[in-house]
Every structure is written in structure tokens, then in C-alpha cells.
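What follows is a set of notes on a single structure, which appears directly below.
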Amino acid sequence: MEQDDSASANDRAPGEHRDGQHSIRSYLLGFGLAGVLTLASFWAAQTGFVYAPAVPILLAALAVGQMGVHLVFFLHISSGPEDTNNILALAFGVFVVGLIVFGSMLIMANLNANMMPAGQLMQM
Amino acid sequence: MDPPAVPLSQRGPASTDVVVRFGFWLFLLSDIVVFSALFAAYAVLSHQTAGGPTGPQLFERGRTLLETGCLLTSSFTCGVMSLAVQRRSALQVYGWAAATFALGCVFVGLEVSEFAGLIAAGAGPTRSAFLSAFFTLVGTHGLHVSLGLCWLLVMMAQVATIGFRPMVMRRLLCFSLFWHALDIVWIGVFTIVYLGAR
């Protein structure tokens, strides 16, 4: 463990704990927050209380929030200087994910809009 | 704690613990990129039902809530297990690993019974593009969870036979990273597939 302590001044791996006493609280807090956000998502999906067209945006916000809770409290990703490498890799991952998902949706929506209706296609 | 005054170029390589877990973190991110391609396919195909059943007709939210609860709780017990690993207390590790394993098994069981029900009702993966995308996305996640359960069994066998060597502890901590990452993917699955269906 001596080697571990000297290294943690420079770099920190994801999921690494500083000390045992502090972390159980972080897991409990993360578990509670994630549970509340999950229940809020399921409530938002079937309630008539929220303006219906806004529900998908609310669901997306709750999901992103819960992913953040998991990253911070379970995977222990922080914004500290020793976490720079992990954050950079995460940022690149999020960038690629966004590119693939939104790029695909945009391109396919465009193709659908430009597609000839099926009836006309048959007559050609 | 002040950073050491040694320049970055003279510090030498990082410790094995840091290198191994950073490499595993990169693997997890690339795994999430794989899932993002499946999410993109699902998002594009979710309305292409070919006259077959649609999402809201097929999905039961009660079952999804139960699955979510199982996976979230197993993520928590896995985190507590990783604390016990750092204390090197074998008894606690076995206990929390058993809880994680049981909750993971309940999750996989619920998913398998859902798939079996869908296929029996004629809504199998060959019915429409929507169902192909659904089975691929949710099935890939379920396969990851199943493989994670096998990995957990192997790790418990290693703890029992060779004990808490640094190598075994690194693997156990990588396992807990894997398990937490699967829970993050599941947030996307239940939000987009089950709650977003309309």
C-alpha cells in the first residue's frame, strides 16, 4: 500500500478510495440519490401532472442526473487535478456517444423526410 | 497534500494499480461506445413496427421498476464489497458478493422471463425492426450482466484459493467498476426503451 499512497499524489484511478470511513457514506448517499431519481423518472413517465410534451426532456434530465450521481458516488470520478486523465477519457467517450446517437438520428430523420412515399415507389 | 516538486518528465511510470484501472476505464468507455451504437439503432428503428405490436403494448413498467431496483441495489452492495476488499476481510467480501450475485441473478431472471413471454406472444426478434433493435440492445446488456456474474464467481474462487494478493485486489476493483458501468448503461435502457416508449 505504500506504493499506492505515493502514486495517488500524481494520478488517481477511477473507483479509488481515499479512506474507508468516508466512502461508505458516499455509497449510501449515492444509493439514496439514485433511488430518488429512479422513482422520479418512473413517476414522471406516467403522471398527468407534467405538461406532456415536456416529459421526454424531464426524463432525459433525470437520467443524466442519475448518471452523474453514479459517476461521482459509485465510480468516484471527481474534478480534482489527479483525475484529469479519467475526466479527459470520459469527455472523449461522451463526445463519441453523442456523435453516434445524435448523428444517426439526424441522418435517418433526413432520409425518412426525403424518401419517396411507398405508393409512388411502386409505380416506378 | 502538496504535489511533489519533481517535474512530470522525471516522475517515472505510474503505479500498476493506477495503470491497470485506467486501462480498464478506457475499456469501459469503449464498451459504452458499443452500447451507444445499439442505442442509436433502437432510436432510429423504435417506430418501425411493421404492423406488429408497439412498445407501450408490450412493456410492463412494474417489472422494469423491479429490475431497476435489483440492479441499483446490487451496484450498492458491490460498492460496499469493494470497501471490504480494501480492508481484506474475506467474510464480509463473501457476504456482499453473495448479495450482489443474488440481485444480479434476479435481474437476469426477470429479463429472461420477459424475453420468453414476448417470444411466446409472437413478438420475437424476427417480428419487426423495432423488436430486433429491442432484443439486441436489452439482450446485449443482459449478456454483460450474465458475464459479470460469471466473473464474480471466478473472483470469489480466487479469493478463496489464493487470497488477497495485489493482483486479485486489482481484479476485484476492476469488477466493481464494470458493475457500476453496467448500471449506468441500464439507466439509459430504462429511460429510453421502457419509459420513453409512447
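The values are calculated or read from the model by the stated rules, or taken from the named source; none is laboratory data. Quick caveat, the model's predicted, so the values are computed rather than measured. For neighbour counting, all protein chains shown are included, and Cβ atoms are generated from backbone atoms with ideal geometry for every residue, glycine included. What goes into the accessible areas is simple: the full protein's heavy atoms, side chains included, and nothing from ligands, DNA or RNA. Shrake-Rupley method; radii C 1.70, N 1.55, O 1.52, S 1.80 Å.
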Practice problem: With the condition kept exactly as written, say whether any residue in the stretch B:78-85 is surrounded by fewer than 19 Cβ atoms within 10 Å (Cβ to Cβ) and part of a helix (DSSP H, G or I). | Solution: no
Quiz item: What are the pairs, 6+ residues apart or on separate chains, where a residue within the stretch B:157-176 that is closer than 13 Å to residue B:82 by Cα has its Cβ under 7 Å from a residue that is of a type in the set (Ser, Thr, Tyr) and crowded, with 21+ Cβ neighbours inside 10 Å?
Solution: B:172/B:82; B:173/B:82; B:176/B:82
Exercise. With respect to residue A:71, determine if the residue is surrounded by 17 or more Cβ atoms within 10 Å (Cβ to Cβ), within 7 Å of another protein chain (Cβ to nearest Cβ) and under 20 Å from residue B:185 (Cβ atoms).
Key: no
Quiz prompt | Set B:63, B:21: member being open to solvent by less than 40 Å² (accessible area, probe 1.4 Å), assigned to a helix (DSSP H, G or I) and basic (Lys, Arg) | solution = B:21
Quiz item: Taking the stretch B:88-108 as the region of interest, how many residues are more than 26 Å from residue A:33 (Cα to Cα), free of Cβ contacts under 8 Å to residues at least 40 places away in the same chain and open to solvent by 40 Å² or more (accessible area, probe 1.4 Å)?
Solution: 1
Practice problem: Six or more apart or on different chains, Cβ under 7 Å: which pairs go from a residue in the stretch B:26-53 that's open to solvent by less than 40 Å² (accessible area, probe 1.4 Å) to one that's in a loop (DSSP other than H, G, I, E, B) and of a type in the set (A, V, I, L, M, F, W, C)? Could you list them? | Solution: B:52/B:123; B:53/B:123
Self-check item: Any hit, the stretch B:122-130, residues being of a type in the set (Ser, Thr, Tyr) and in a helix (DSSP H, G or I)
Solution: no
Quiz item: Among the residues of the stretch B:144-156, which ones are open to solvent by less than 10 Å² (accessible area, probe 1.4 Å) and either in contact (Cβ under 8 Å) with a residue 60 or more places away in the chain or within 28 Å of residue B:48 (Cβ to Cβ) (or both)?
Solution: B:145
Self-check item: Tally, over the stretch A:33-91, of residues that are among the hydroxyl-bearing types (Ser, Thr, Tyr) and part of a helix (DSSP H, G or I)
Solution: 3
